[in-house]
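The values are calculated or read from the model by the stated rules, or taken from the named source; none is laboratory data. As the structure is a computational prediction, the values presented were derived from the model and not from experiment. Because the Cβ atoms are built from the backbone with ideal geometry, glycine has one as well, and the counts that use them run over all protein chains shown.
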Amino acid sequence: MDRSPESATSALYRAAIGPINTSYYLPLFTRFELAERSGPSWNWAASLYTLNWMIFRRLWAAAGIYVVAMLGVLLVVFGISRLLFHGSESVELGLVVCCVLSFVVPGVFGNAIFHANSRQKMASALSATSTLMDACTRLNQQASSRQRFIWLVSANLVLAGLVPLVYGAFPVAPTTPPVGQGAKSVTVAPLQSAPVIASPSPSIATDPTPMQAPVSPIAPSQVVSAQAAVNPAITPVSKTAPPEPKSTPQHPASAPVAGRPYFINVGLFAKIGNARNAYAKLRDVGLPAFTQALKGRTRVRVGPFDTQPEADAVAEQIHALQLDAVVFQP
């Protein structure tokens, strides 16, 4: 084949290329033939429609390698990187690199792959036939035709039409999972920063009697009555509080101050990306989440809530989001 006249080589290349884009590939392959080697060159069809282009040009080996390579890269990006780095930034960077390689590599080396495949078909046709005319006829039968191009375009249109049908057949699950029975979902206006909790000042006794024992600033019955006025769901308890054991008396200054709000501690994250993901999940379902910077770490909390049942109901919502939730009162 290499000792054939130039016109015979061009005829063989024309037959191997086929009727589509012959004017583009024939001068390029002739240049490769004169240089006795193929080199990098840009091919838009191989870059933008890589798999379709390989199937149309019958480059089966290259198509198989391309599919395996892309699946391997996606496995590394979305599987191994998540296990090793536990973050979204590395995954996003790997996805960008994967997309760039999937377009650039086929576009640069597509012509060289097609040229090498055409030379193999030409050598096989010359060895199987006795004349140049028979070899060209054999190559024309193996080359990609316009009917094959129409069939490939039709297959792509059918697949594009099936995508919305398949997507519509599987409804998307609701973002907010249902809360268990007896718990109410609470929607509070989101806070942008950590709230400032003002500690109520203890009441000062005005009784002039010097020997009178100190009393609690707010009686438990009054606290329950005030909470019942704000939230009717709270059932007031008996006005008579149970007596405290005489053996372990509690000083009024160490008792918890009534009226303090409740908060939910979601977690303390070392990586800001993980804290942002948790914060975004909470804000997407309408919970009043906020973050706090603490010695190189980021704390995510939800609140405040007036009552503990209200905080417990929101904690069940947070557990349904696959996040930790610990109710506490500072």
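Can you name every residue in the stretch 293-330 that is assigned to a helix (DSSP H, G or I) and either acidic (Asp, Glu) or in contact (Cβ under 8 Å) with a residue 12 or more places away in the chain (or both)?
Correct list: 308, 309, 310, 311, 312, 313, 314, 315, 316, 317, 318, 320.
Looking for whichever is at pLDDT 90 or above, among the acidic types (Asp, Glu), assigned by TED's automatic domain parsing to the domain that holds residue 329 and surrounded by 15 or more Cβ atoms within 10 Å (Cβ to Cβ) here; the options are 284, 312. Which one fits?
From the options 284, 312, the qualifying one is 312.
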Test residue 30 against the stated conditions and say whether it is polar (S, T, N, Q), more than 28 Å from the chain's Cα centre (by Cα) and over 25 Å from residue 155 (Cα atoms).
yes
Residue pairs qualifying under the 7 Å Cβ cut-off, at least six apart or on distinct chains, with the first in the stretch 135-149 being among the aliphatic types (A, V, I, L, M) and the second being in a loop (DSSP other than H, G, I, E, B), are 135/129; 143/18
Per the filter on the stretch 59-106, residues surrounded by fewer than 13 Cβ atoms within 10 Å (Cβ to Cβ), at pLDDT below 80 and either closer than 30 Å to residue 120 by Cα or of a type in the set (Gly, Ala, Ser) (or both) are 79
